[in-house]
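Read-outs throughout are calculated quantities, based only on the coordinates presented, and are distinct from any laboratory measurement. Predicted model only: the values in this text are computed from it and were never measured. Reconstructed Cβ throughout: ideal geometry from the backbone, glycine too, with neighbour counts over all protein chains shown.
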Amino acid sequence: MSSDDLEALALLHDPVRRSLYDVVASRGGDVGRGEAAEAAGVSRTLAGHHLDKLVEAGLLESGFRQQEKKGPGSGRPAKVYRRARGERSVSLPPRDYATLASVLADVVEVLGAEEQAEQVARGAGARIARSHRGEPVERVLSERGYEPYAEGGRVRLRNCPFHVLAEEQPLLVCSMNLALCQGLLEGLGDDPGRAALDPRPGECCVSLKQTDIDIEGG
């Protein structure tokens, strides 16, 4: 943990900034000032001030969206915001679980134990399910940081909780992540076949088939 991480996350203590951050993060793409202001229930000017503060802290990134109309009178490009690609974490006192996880992933690769790792991950998913009996898998995934959302008949996962490791060991981590999700589904009494590898840039490598219940409820 760095002092910059602590200072950046402290900005989210302000309810307006937290609301604006949540709006931008939940959209999964570029969000304009007006759109963010309307969703957060604040003025465009106030939204712009707080959004720029979040950019300065490294929690959001900004850019410009070109207007559809070209030529004279088309106006200036609109400023837009998106969630920053970097990560922030706070631990008091500082801890470094990511390094150990990276070492363990390397050990699995050296030993050629990928199949055993998938079995263990599936069991971990089943254990998680034990404390969430009767809950829909989307709620459990949301609580664990996956940020599920429905699109095109599938439940997609906007965030990968294992992003750093997935960049280092994509095949191992994605296969373990899939096994974990399948174990979670099975433990909840759901069909583990709903989960499949379905990588998308900037999102989790796993998605779930949307059920009729999901469609009716969503």
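Things to note:
- Summing +1 for each Lys or Arg and -1 for each Asp or Glu among the other residues whose beta-carbon sits under 15 angstrom from that of R122 gives -3.
- Here the chain is assigned +1 on the Cβ of each Lys and Arg and -1 on the Cβ of each Asp and Glu. Its dipole about the Cα centre then comes out at about 900 debye.
- Cysteines without a disulfide-compatible neighbour (Cβ-Cβ under 4.7 Å), the chain: C181
- Rounded to the nearest whole angstrom, the semi-axes of the ellipsoid equivalent to the stretch 63-166, taken from the Cα gyration tensor as √(5λ), stand at 38, 21, 15, largest first.
- For A196, net neighbour charge (Lys/Arg +1, Asp/Glu -1) across residues whose Cβ lies under 12 Å away: +2
- Structure-derived Rg and Dmax of the Cα atoms in Å: which label, when the choices are (i) 20.0, 64; (ii) 16.8, 50; (iii) 17.6, 58: (i)
- Amide proton proximity set for V206, modelled H, under 5 Å, gap of 5+: D198
- Counting only Cβ charges, +1 for Lys and Arg and -1 for Asp and Glu, the dipole size of the stretch 51-161 around its Cα centre is about 740 debye.
- Directionally averaged projected area (convex hull, Cα atoms, the stretch 23-115), nm²: 10.7
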